[in-house]
Amino acid sequence: MTTATISGATISGHRGLQMDEPLIFELDSPGSSGVDLPAPPKTKAKTRLGAVPVRESVGLPGLSEPEVVRHYTRLSQKNYAIDAGFYPLGSCTMKHNPRLNEKMARLPGFADVHPLQPMTTIQGALELIDTLAGWLKALTGMKAVAMSPAAGAHGEMCGMMAIAAAHDHRGGPARKRVLVPESAHGTNPATAAALGMVVEAIPATADGRIDLAAFKAKLGFDVAAVMLTNPNTCGLFERDVRELADAVHQAGAFLYCDGANFNAIIGRVRVADLGVDAMHINLHKTFSTPHGGGGPGSGPVVFSQALAPFVPLPTIIHDDDGYRLVECQDEDEGTALAFGRMKAFHGQMGVFVRALAYTLSHGADGLHQASADAVLSANYVLAKLKGTLNAPFEGPCMHEALFDDKSLKDTGVTTLDIAKALIDEGFHPMTVYFPLVVHGAMLIEPTESESKRSIDQFIATMIGLAERAKEDAASFHAAPTLAPRRRLDETTAARKPILRWKTR
Amino acid sequence: MSEIRFTKDHEWIAVDGDTGVVGITDYAQHALGDIVFIELPEIGRQVSKGGEAAVVESVKAASEVYAPVDGDVIAVNNELAEEPARVNADAEGAGWFFKIKIVTPAQLAELMDKAAYQTYLEGLA
Amino acid sequence: MRYLPLTEADRREMLAVIGAASVAELYRDVPEMARLPGPIAGLPNHMGELEVERLLSSMAAKNVTAGSVPFFLGGGAYRHHIPATVDSLIQRGEFLTSYTPYQPEIAQGTLQFLFEFQSQVALLTGMEVANASMYDGATACAEAVMMANRTTKRSRALLAGNLHPHYRDTTATLARFNGFEIVAGAPAPSDRENLIDKIDTTISCVVVQSPDVFGHVHNLTALAAACQAKGALLIAVVTEAVSLGLLTPPGAMGADIVVGEGQSLGIPLGYGGPHLGLFAAKEKYIRQMPGRLIGQTVDADGRRGWVLTLSTREQHIRREKATSNICTNSGLCALAFSMHLTLLGETGFTDLARLNHAKAVQLAEKLGDLKGLRILNDGFFNEFTIDVGRRANKVVNKLAKRGILAGVPAARLFPDSDGLTDLLVVAATECTTEADMDALARGLGELL
């Protein structure tokens, strides 16, 4: 590590509360451990390993408990987080993560139960899943829900598998085409392709929405589904969704809805009434469960009547005998058409507990208010910033406000520069360069859990940066200068990948 | 003396008899930015005009490289695996991708010459 | 409503700035018939912490917790002791409430622990590289088969009969829709399955689990050679990560890809999720790998740092040509795993593995003395299969009534297979006491 070139470099490499922290491998004190284990019991046989030889060593470093605590505490201090500040990452719904959720998920009755215990010993766990499933159905008006998908993209896969299974069951010529708006999340085409489908991207209209006529023209009896994000990735509600759904259904296809932006409409719009056949819900977005630096998530999928029979295993049945998990197709007549299994066991229980704690905390009235506040805050950002930045589409927007880089033209400052300058100002940048349909996109999602004071501070900062961009582009190119690291060399990282620690 | 032709997808092909050397244009390398990886076709593969023949990646983008004309791959520039930056440095020379035996020479006439490609680029700006 | 900071005055002021009379006006693009004028009828309204806690605690109280009884379940999820440090530190808000590290300058904490995690997983599995995690072992397994199909340009996968059935079913489900073929062996509880003879040049990969779902451990060396001879990849599956502290790792036996479940380190049973998918491979296959990868680099001042790298494999860039559709993975679970492993260190981890094996040997010796009971395994790590001579699920239910969670009936894992009804898979870990073992032996002794 060279520290000599840094202005204000210190001898230790530390800067006040920012500590330089080596890798665990560089902190190795051979023989040290942060865990004291009991001695193994006396047994007649020394080992009973069969044909596999014992390994000689693993190569792990040894650290004591205090060293481990300090290591991870110092690492944590290099992260931005919702707890620390405004995190308006569009399409990611970085809302407050209540600590009650954490406390509930750690109740031994939820955390310390095994997925293969006898049903009689886990009635409360099944009740919790069933209760959350009930809320998800009530909030969307949909008929069925698959709880097992582990994240949004996994939910997409589940939904599209159900659609493929329904087409299979119906028979007729193969349906392999999937129509997707150009502005879709990358997961949509990736999911369809993984299922052997052919993706066709349809350009949007000038108002940032689907081109209904273009979709209708592309529909046919070889189309399996249309995948629509609604509200869409430009932060707009797809007004023509009903007409699109009708056309899709007329062609014998299904309408898949990417529910990543459900936070805008939860408790205010009935998804079932939009003609949707399947939609995943990101519990780690809309239902406040923590992102944890990239997971775990949970992506239950709600289904219409037409797709309900194909919901994957396992499912839960609640009758007079209590709750029962159906893990095998022929255990129950209702699951004869179940299309398969998404993952091991029964879903992201720990995330379910958090999501239900959140749902109960808000209740029907709270959720109705939460989506309203999310949409109100985004429109407020749009109204306050559209004089400064260019908004490519007319409002009202839903829960996120989209700007492009037109107003930065000729300043020499790019969208990326604005993002990096925001870091020095103490904010997490918005989503940049997505959706792809807008040049230099900046997608701002304030969420309902941000105070007006905090939103106003962000707005004032953005206006200030836009002013500065006209005079001092160089300061943007150098940004960030106050973060734990300055801009990182991603080219070298990709050209000569170093993906793990190795002894020199 | 070889003759160089260009495609609308920003590939070039330098023709010498019945062989052609293929790469991406300087305009393309500039648009992609720092190139970090190149996936080359296997020797012996048949490529067809407009069909995917290679992939070129920068940090944040991946683009297909299409065969300008039908042909059989007879050589590839293995040095790009170690040093993809060659494409940034000299896209239309040392940064060549692969060499083909041209199967359908008539297709060359459908490609642009240097002047036509220049005009085409001006139209894109 | 404690999670909503906007006041009524704020809302009025903001509406005025926007120029809208009401929030309803902002929803004007939504078809009228789908709009809800007020909270959904029939659902409860908001609750305070106390009420939520009361309600959820009452549900939790209906479950029998593993820690409260003699407990012997495994089958892909294992009860291990989690050091207090782990659960405390993963709850630091900077870890818990951050997103995927898209802005590396302010996500070095997440990036560095993931780099350390990748390094640890590579060491454990004996492989050259590992990714930053998958959802769980089963989905990692399915993705590994897809990766082998891409790499070999073949589309027929051979699955060992003793692969965890949930892993098999997850892979088979993907196969059904992706269009590749699965050849899955029948479960072989007595460990007699000849995979080598089934390998030919149409097979993209062989998927084999060790220790397998019945607890048998396998030397993969000959299988790896057979795969290599036919141009197929060997995918090794590990569902009990602690076993890697004692057994020769799959990488050292010639595996091309190692996938597994990391729940055993730092992650509670949690009724089956969220757990942690591990994914490691030989470096030459790196461009075909699914999921996120963290790479080392330097910043503008030349200081070492970490970034997401080789992203062109991923869905947000490559879209329909991505190696996988995965986006969110299991970041916080990876942190818990990595932290637990860091606490253990070389001596702690290998000692923990030895302790687990010794506990299982002790259990086997106690159960082996019982009449009417037969142990099927020659070799095992911390889990083995017993034949109880009568329907194992009935035995389990009877013992559950006596307050013993006795194990996983093989028929629960393989409901479609015959001949497994009397088999029970039992596991012991460092959490299992001698008193627990005696209770199980006594309970079984009385029933058999």
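Extents of the range A:251-357, taken as max minus min of Cα coordinates on every principal axis and listed largest first, are 39, 38, 26 Å. Per residue, chain B reaches -5500 deg cm²/dmol at 222 nm when only DSSP H runs of four or more residues are counted, each adding -39500 (n - 2.57).
Which far-off residues, 5 or more places away or on another chain, put their amide H under 5 Å from the one on B:Tyr66, with H placed in the peptide plane? Sorted by chain and number, the residues that satisfy this are B:Ala53.
Find the sum over both chains of the accessible area lost when C and A are paired, probe 1.4 Å, and report it in Å² to the nearest 100. Using a 1.4 Å probe on protein heavy atoms, the buried area is about 17700 Å². Taking a ≥ b ≥ c as the square roots of the eigenvalues of the Cα gyration tensor, the range C:261-419 is prolate, since a/c reaches 1.5 or more and a/b is larger than b/c.
In terms of its C-alpha gyration tensor, chain A has an oblate overall shape, because the principal axis ratio a/c (a ≥ b ≥ c, square roots of the eigenvalues) is not below 1.5 and a/b does not outweigh b/c.
Look at the stretch B:66-78: the mean tally of other chain Cβ atoms within 10 Å of its residues' Cβ atoms is 0. Please work out the Cα center distance from the range C:361-376 to the range A:60-93, rounded to the nearest Å. Cα centres, the range C:361-376 to the range A:60-93: 47 Å. Given the options C:Tyr271, C:Tyr27, C:Tyr135, state which has the largest fluctuation in a GNM of chain C using a 10 Å cut-off (strictly under) for Cα springs. Among C:Tyr271, C:Tyr27, C:Tyr135, the largest GNM mean-square fluctuation belongs to C:Tyr27.
Contact order for the range C:265-422, expressed relative to its length and based on alpha carbon pairs under 8 Å spaced 6+ residues apart, stands at 15 percent. Could you estimate the translational diffusion coefficient of the range A:100-357 from the Stokes-Einstein equation, with Rh from the Kirkwood formula over C-alpha pairs, at 4 °C and 1.567 mPa s, in whole µm²/s? Reported coefficient: 70 µm²/s. On a per residue basis, the convex hull of the C-alpha atoms belonging to the range C:108-160 measures out at 104 Å³. Once the 1.4 Å probe is applied to the protein heavy atoms, the range A:55-103 comes out at 32 Å² accessible per residue. Once the Cα-Cα distance is subtracted from the 0.36 nm per residue extended length, the A:Arg453 to A:Ser57 segment shows a gain of 137.0 nm. The phi torsions of the range A:126-141, fed into the Karplus equation with coefficients 6.51, -1.76 and 1.60 and a -60° offset, translate into couplings of 5, 4, 4, 5, 5, 5, 5, 4, x, 4, 5, 5, 5, 6, 10, x Hz, rounded to whole numbers, with Gly and Pro shown as x. Per residue of peptide C:375-381, the mean number of Cβ atoms on other chains within 10 Å of the residue Cβ is 3.
Helical runs assigned H by DSSP (4 residues or longer) give chain A a calculated mean residue ellipticity at 222 nm of -10000 deg cm²/dmol, each run adding -39500 (n - 2.57) before division by the residue total. Once backbone amide H atoms are built at 1.01 Å from N, A:Phe254 has A:Ala225, A:Val226 as its partners under 5 Å, excluding neighbours fewer than 5 places away on the same chain. Taking a straight Cα-Cα cut-off under 25 Å and skipping sequence neighbours fewer than 8 places away in the same chain, the lysines within cross-link reach of A:Lys143 are A:Lys285, A:Lys343. With both labels modelled 7 Å from their Cα along Cα-to-Cβ, the A:Lys496 to A:Glu65 distance reads 4.2 nm.
Take the alpha carbon atoms of the range A:465-479, find their center, do the same for the range B:17-66, and report the distance between the two centers in whole angstrom. Centre-to-centre distance over Cα atoms comes out at 36 Å. Put simply, when A:210-222, A:242-254, A:390-402 are sorted by average Cβ atoms within 10 angstrom per residue, most first, you get A:390-402, A:242-254, A:210-222.
Packing order of peptides C:227-236, A:139-148, highest average first: A:139-148, C:227-236 (average count of other Cβ atoms within 10 Å over each peptide's residues). Ranking B:Val103, C:Val396 by solvent-accessible area of protein heavy atoms (1.4 Å probe, all protein chains present), from largest to smallest, gives B:Val103, C:Val396.
Which of B:Lys60/C:Lys153; A:Lys137/A:Lys420; A:Lys78/C:Lys321 have a Cα-Cα distance over 30 Å? Long pairs (Cα-Cα over 30 Å): A:Lys137/A:Lys420; A:Lys78/C:Lys321. In the full protein context, the range B:3-120 carries 45 Å² of accessible surface per residue, based on a 1.4 Å probe and ignoring ligands, DNA and RNA.
Measuring r between the beta carbons of B:Asp72 and A:Ala217 and using R0 = 35 Å, the FRET efficiency lands at 0.35. For a distance above 55 Å, tell me the whole-number percent of Cα pairs in the protein assembly as shown that qualify. Every Cα pair in the protein assembly as shown considered, those over 55 Å come to 14 percent.
Note that the range C:221-282, at 25 °C in a medium of 0.890 mPa s, gets a Stokes-Einstein diffusion coefficient of 195 µm²/s from its Kirkwood radius over C-alpha pairs.
Kindly identify the range C:264-326 as rounded, prolate or oblate by the Cα gyration tensor criterion: order the square roots of the eigenvalues as a ≥ b ≥ c, call it rounded if a/c is under 1.5, otherwise compare a/b with b/c, prolate if a/b is larger, else oblate. Verdict is oblate for the range C:264-326. Sorting A:304-315, A:35-46 by their mean Cβ neighbour count within 10 Å, with the most densely packed peptide first, gives A:304-315, A:35-46.
State the antiparallel share, in %, of DSSP beta bridges confined to chain C, rounding to the nearest 5. Antiparallel: roughly 60 percent of the beta bridges in chain C. The mean number of partner chain beta-carbon atoms within 10 angstrom of a residue's beta-carbon across peptide C:113-126 is 5.
For chain C, the 222 nm mean residue ellipticity estimated from helices alone, with every DSSP H stretch of n ≥ 4 adding -39500 (n - 2.57) and the total spread over all residues, rounds to -11500 deg cm²/dmol.
For chain C, the spherically averaged projection of the C-alpha convex hull amounts to 27.6 nm².
The values are calculated or read from the model by the stated rules, or taken from the named source; none is laboratory data. Quick caveat: nothing in here was measured; it's all calculated off a predicted structure. Cβ atoms come from the backbone with ideal geometry, glycine included; neighbour counts cover every protein chain shown. Ligands, DNA and RNA are stripped out before the accessible areas are found, and what is left, the full protein with its side chains, is counted by its heavy atoms. Shrake-Rupley method; radii C 1.70, N 1.55, O 1.52, S 1.80 Å.
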